[in-house]
Amino acid sequence: MTATEIANGSPVGRKFFWLAAGIALVTGLYTGGWFLAADQIEKRLPAYLEEKQASGFGGECADMEVRGFPFRIGLFCEKVRLDDTRYGASATFGALRTAAQVYQPGRAVMELDGPAEIRFSPGVSISADWTLMHASLKATLSGVDRTSVAYDNLTGTVRSPLTEHALGFGANHGELHLRQNGEDLDAAMSVDKLDLRPKDGPSAAPPSDIAADLTITGKAEWLREGALFPHMLRGSKGELRQVTVDMGAGMSARLSGPFSINEQGLASGEFSLTLTNISAWRETLVKTFPEEIDLINNVANMLTALAGGKDEATVKLNVRDGTAFLAFVPIGVLPPL
């Protein structure tokens, strides 16, 4: 039966004809729209990065390609480079793969390969690699609403002109989650088996499990606008709901309380600190910082006394302009943020 016979024949035949014609039309329009969008991405992204160079920010997506037809659309790069001359920062990464469902363009997933080389002025450099790093984000018309990053088997080295030796680091797994909460920014992170050590040397302390949960007041715009810059925490305040450090063998610490950071990057706050297995903390810290043995012993003795001789204590830790106090005794200075 020909198309003409179908069109001039029974009502069922005519319906079939128009249905087939409609499907063909929609398919053609969808296909054309997908490839038009892919072409625009491939043309506009390099133009956008070139335009941003005038303001000090630049980048490169090497061997860029848009893939995913028919139901996904994603950007693929063999290598990624970012430069920000405003802050003297640069970074290079391995291959980038992204994907978004056509019917949910506001949700995207990404995978990024190592190795990575990140540099900050003056003279700070970070080398890192991992077996898997992936991220997801949810965006609205006003910007990013929430995002998450996770990685496995992270290793790397930090070099700084302020220290004599390079610092090595590693972690089995880690996650970072950010979301808008009204005008505030919620952040949660965790690191499994964080290991810090001098390069090619023994670990400075037992591998630790670390978790943190906090809110930064009035800073949802950081996520919404994708604004990341050095010293961004200066002039901010918020609530540290909890930071926990578990070093095994019953040795753990928990910190919570409100905080603020002044324009010079110095932190202040009133925190509740709980330490378990104080004697093990004393031993570990003395091995890690032998030059501070007197201070460590004094603080450990004070904690034990406040706990009535027990090996676990909950105390108030006050931080004023970067200096931490325990019962009016200064016990350390925090670096500017």
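Evaluate the following for D145: is it in contact (Cβ under 8 Å) with a residue 60 or more places away in the chain and part of a strand (DSSP E or B)? Against the criterion (in contact (Cβ under 8 Å) with a residue 60 or more places away in the chain and part of a strand (DSSP E or B)), D145 qualifies.
Quick test for you: out of A267, A300, pick the one residue that is surrounded by 18 or more Cβ atoms within 10 Å (Cβ to Cβ), of a type in the set (A, V, I, L, M, F, W, C) and within 23 Å of G218 (Cβ to Cβ).
Values: A300 fails: within 23 Å of G218 (Cβ to Cβ).
Checking each option against the conditions leaves just A267.
Condition test on R86, is it under 23 Å from the mean Cα position of the chain (by Cα) and either hydroxyl-bearing (S, T, Y) or surrounded by 15 or more Cβ atoms within 10 Å (Cβ to Cβ) (or both)? Criteria not met by R86. Taken over region 44-74, the criterion of being more than 24 Å from the chain's Cα centre (by Cα), under 24 Å from T92 (Cβ atoms) and basic (K, R) is satisfied by R44, R67. Restricting to region 47-79, name every residue that is under 22 Å from M232 (Cβ atoms), in contact (Cβ under 8 Å) with a residue 24 or more places away in the chain and surrounded by 14 or more Cβ atoms within 10 Å (Cβ to Cβ). Scanning region 47-79 gives F57, G58, G59.
Keeping to region 285-336, report how many residues are in a loop (DSSP other than H, G, I, E, B), among the aliphatic types (A, V, I, L, M) and at pLDDT 85 or above. First the steps, then the outcome.
In the first step, residues of region 285-336 are kept if they are in a loop (DSSP other than H, G, I, E, B); the result is 289, 307-311, 321-322, 327-328, 334-336.
Those still in the list that are among the aliphatic types (A, V, I, L, M) too: 307, 327, 334.
Adding the requirement that they be at pLDDT 85 or above leaves 334.
Residues that pass the stated criteria total 1.
Please find, within region 127-158, the residue that is nearest to the chain's Cα centre (by Cα) out of those that are of a type in the set (A, V, I, L, M, F, W, C) and closer than 21 Å to E78 by Cα. Write out each step before concluding.
Within region 127-158, the subset of a type in the set (A, V, I, L, M, F, W, C) is 128, 130, 132-133, 135, 137, 139, 141, 144, 149-150, 154, 158.
Imposing the further condition that a residue be closer than 21 Å to E78 by Cα reduces the set to 128, 130, 132-133, 135, 149-150, 154.
Details: A128: 14, W130: 14, L132: 14, M133: 11, A135: 9, V149: 6, A150: 8, L154: 13 Å.
Selected residue: V149.
Against the test of being closer than 22 Å to M189 by Cβ and outside any strand (DSSP E or B), the options L233, L255 yield a single qualifying residue, L233.
The values are calculated or read from the model by the stated rules, or taken from the named source; none is laboratory data. The model shown is predicted, which means the values in this text are computed figures rather than measured ones. In this analysis, Cβ positions are derived from the backbone assuming ideal geometry, glycine residues included, and neighbour counts consider all displayed protein chains.
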